[in-house]
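Data first, discussion second: the structure below is written as structure tokens.
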Amino acid sequence: MFFGEKILDYKNDILHDIDELIKIKSISSTDKNAAAEALNYILGRAEQMGFKTKNIDNVAGHAEFGEGKELSAVLVHVDVVPAGDGWSVEPYQLTEKDGRLYGRGIVDDKGSAVIALYCLKAMKDSGVKPNRRIRVIFGAGEEIGMNDMQTYFNSEEMPSMAFTPDSDYGICNREKGILQLEISSPSHDGTTLTELHAGNAVNAVPSKAYALIDCTENEDHQLRRFADAKPGEYDFVYTMDGLQIVAKGKASHASTPEQALNAATHLIRILAANFGQIVLGSLCGFIDDAIGLETDGTSLGIACADKESGALTVNLGTVNIDENNSKATLDIRYPVTADSTEIFDKVSERASYDGLRVKVLSHELPLSVDENAPIISVLKSAYKTVTGEDAKIYSTGGGTYARTLNNNGVAFGPIFEGDVCHIHNVDESIDKENFFKHAEICLEAMHSLATI
């Protein structure tokens, strides 16, 4: 028997607490009070378990076990992205169906947050005497740029070794830089296009886009025929304000836009091809010309790649155009060796051709941890102990708390290869057996971090 198996004694309690946490609609992009409520819920559970806790400005906090000068940590977050439409189950409660666990946050990252807390409890209940302090650090703003960890580490010490269970297995030691931008026009300068709205978050590919068009009946018929031949689904409805078009695509996380069908870019492409860019306005013209249906930044002039972390990706996350607004957001994931200043300058230069302004919403620098670092050795051992297999070392376009750790930490789990979990999409879920295998690995790793 290995130590990690002890977490299985808490299965029912873990599922109960995850259900309670998922019921809190902690969408940090729209409701910081609900995100703070989720943070206080899990810190309250930690206090009930007898751990020392601390809340930092209602955006982050920790539960701590053990004594000593050195500190190890596990970083998790309790905020989520919006649920979106089309779930087969209620998104804001835990549902078990066909051997899977469903709910917004079950994978990203509420499930792992509760597991990490119960790993502390399992060590405490087993009488483990740590050689160092170990914390579970909870954040409530990971989905909106990770400033929660900046706030946390402004007053709290940096752990010497840490991991965040917010990615895939095996061990992610490199994360691309993340540059999130807002592209805007002083006003909407289109005529035929009255409104266009798409997306709920910059770091997700929008699965739905809505447009309102002022056009003739003949133009409407041409548009319908054109749409029938293009990817995606398009619904046309006559309203008092004009022709309403709803485009449906396929969502995904912004780190893998090539796996999705962006409803916004496809709708704009159809409108531009049918009506021309000028009557859609400068922002749509820019999107169609400089982004189009690409996800690699070629038309923006920023396409690049390296052997360490792969190719740059671009995602059009949101678009909001009406009589008062003309704004869009881009999520750019760039290789660890790329120059972010050069990327920003090229986007700004291209946008200026259409009279658009570019503003940085957030910028997260790349992560690169040496494969021989002590934390990687600990995690390799834990993974091998539980699974009997070697953990692969890989890079990702995803962004996790690991990049806030000054190269003292990496991302590790909870998703196993072949388990399609629909992160940032409808029906977010995870195989239940895999979920508790992750729990065993997490406890094995945390036990090692506390006792080595």
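The values are calculated or read from the model by the stated rules, or taken from the named source; none is laboratory data. Just so it is clear, the structure is predicted and the values come from calculations on it, not from any experiment. Using ideal geometry, Cβ is built from the backbone for each residue, glycine included, and neighbour counts are taken over all protein chains shown. For accessibility, only protein heavy atoms count, side chains too; no ligands or nucleic acids. Shrake-Rupley method; radii C 1.70, N 1.55, O 1.52, S 1.80 Å.
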request  = With only alpha-carbon atoms counted, please give the Rg and Dmax of segment 1-148, in Å.
outcome  = 15.4, 49
ask   = If you take the charge dipole of segment 253-342 about its Cα centre, with +1 on Lys and Arg Cβ and -1 on Asp and Glu Cβ, which of Thr265, Tyr334, Ala290 is farthest toward its positive end?
value = Thr265
Ser88, Ser112, reordered so the largest accessible area comes first (probe 1.4 Å) = Ser88, Ser112
task = Give, rounded to the nearest 20 debye, the magnitude of the charge dipole that segment 406-446 has about its Cα centre when Lys and Arg contribute +1 at Cβ and Asp and Glu contribute -1 at Cβ.
result = 140 debye
key: Mean Cβ count within 10 Å, highest first, over the residues of peptides 162-175, 138-151   = 162-175, 138-151
inquiry  = Taking the full set of protein chains and a 1.4 angstrom probe, give the accessible area of Leu15 in square angstrom, rounded to the nearest 10.
reply    = 30 Å²
message = For the ranges 48-57, 289-298, what's the packing order if you count other beta-carbon atoms within 10 Å of each residue, average per peptide, and put the highest first?
response = 289-298, 48-57
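Where the only charges are on Cβ atoms (+1 Lys, Arg; -1 Asp, Glu), what is the dipole of the chain about its Cα centre, to the nearest 20 debye?
Details: 41 positive and 68 negative charges, 227 e Å.
In debye, rounded to 20, the chain gives about 1100.
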Beta bridges by DSSP in the chain, antiparallel share as percent, to the nearest 5 = 80 percent
ask   = What percent does the relative contact order of segment 246-350 come to when contacts are Cα pairs within less than 8 Å and at least six residues apart?
value = 22 percent
Lysine pairs within segment 331-452, Cα separation less than 16 Å, 8 or more sequence positions apart or different chains = 5
ask   = So what is Rg over Rh here for the chain, counting just Cα atoms and using Kirkwood for Rh?
value = 1.01
key: Unit charges on C-beta of K, R, D, E only; dipole of segment 153-244, Debye   = 340 debye
note = the chain: relative contact order from alpha carbon pairs under 8 Å, six or more residues apart, as a whole percent, is 24 percent
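If I take every Cα pair under 8 Å that is 6 or more residues apart in segment 204-272, average their sequence separation and divide by the length, what percent do I get for the relative contact order?
Working: 112 pairs, mean separation 30.9, N = 69.
That works out to 45 percent.
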key: Count of Lys pairs (Cα-Cα under 24 Å; at least 8 positions apart or interchain) in segment 71-138   = 4
request  = Place +1 on the Cβ of every Lys and Arg and -1 on the Cβ of every Asp and Glu in segment 7-71, take the dipole about the Cα centre, and give the residue among Gly50, Ile22, Ala35 whose Cα lies farthest towards its positive end.
outcome  = Ala35
query = Looking at Met240, Met446, Ala116, which one has the Cα that reaches farthest to the positive end of the dipole of the chain (charges on Cβ: Lys, Arg +1; Asp, Glu -1)?
reply = Met446
